[in-house]
Amino acid sequence: MNQDSSLIEQIVERYDRDVGMLIPMMQDLQAECGYLPTDSLRALAKRLNVPLMRLYAVATFYASFRLAPKGAHEVSLCMGTVCYLKGSAGISQAICKEFKVAPSGTTADRLFTFTAVNCVGACALAPVMVVDGKYYDGVTSESALEILQGLGPAEQAAQADAKEAAE
Ligand code: FES
């Protein structure tokens with residue numbers, strides 16, 4: 001039994017092989033792997049004797065599931081009404097074009113995962129972009145690209161956070 005099938009076995013047994021517990025099983029799988037790898041989904045579907053498409057339907061229906069690994073940074077662009085009226089759609093297009101990333105996708109180099117989100121509660125500052133929990137207000141396509149071009153690998157981000165916290 002390889003590592004992948006042993007993980008699937010553990011998860012399935014945890015829920016008494018109950019297909020009705022498919023969502024918690026997939027949540028556990030994602031908690032272990034950070035996302036839902038195709039091979040693991042295939043193994044889970046086979047183990048539960050359900051069509052793989054059913055798992056994909058669940059994975060794509062719930063926004064909390066990821067079918068690809070996360071990037072080193074989390075980038076959210078607000079697409080709420082106020083931000084949208086102030087140009088967030090254009091900013092989103094600029095980010096997708098510049099970094100060749102799909103909305104809700106991760107850049108090929110895994111630098112960041114880009115997500116369009118609903119109102120983040122800072123409408124007076126629209127348009128708003130959030131990078132690793134830090135809010136940037138009044139962003140434009142140019143400033144958004146500049147911020148993202150300045151992102152370094154995850155370790156660098158962690159060091160910068162630690163330095164900021166120490167000051
Ligand atoms: S609509 Fe963007 S912060 Fe509210």
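The values are calculated or read from the model by the stated rules, or taken from the named source; none is laboratory data. Fair warning: this is a prediction, and the values are worked out from it, not measured in the lab. Cβ atoms come from the backbone with ideal geometry, glycine included; neighbour counts cover every protein chain shown.
Being buried (at least 17 other Cβ atoms within 10 Å of the Cβ) and either out of contact with any helix residue (DSSP H, G or I) (no Cβ under 9 Å at 6 or more places or on another chain) or in a strand (DSSP E or B) (or both) is the filter here, so list the residues in region 137-151 that pass it.
Residues of region 137-151 that are buried (at least 17 other Cβ atoms within 10 Å of the Cβ), as a first pass: 139, 141, 144-145, 148, 151.
None - no residue of region 137-151 is buried (at least 17 other Cβ atoms within 10 Å of the Cβ) and either out of contact with any helix residue (DSSP H, G or I) (no Cβ under 9 Å at 6 or more places or on another chain) or in a strand (DSSP E or B) (or both), so the list stays empty.
Quick one: R66 ticks every box in (1) away from the ligand (no atom under 13 Å from the Cβ); (2) more than 29 Å from E32 (Cβ to Cβ) except a single one, so which number is it?
It fails just one condition, (2).
How about region 12-118: which helices (runs of 4 or more DSSP H) wholly inside it have at least 1 residues that are in contact (Cβ under 8 Å) with a residue 40 or more places away in the chain and assigned by TED's automatic domain parsing to the domain that holds S141? Can you show your working first?
Working: elements: 22-33, 38-48, 52-61, 81-85, 88-99.
Qualifying helices (runs of 4 or more DSSP H): 81-85, 88-99.
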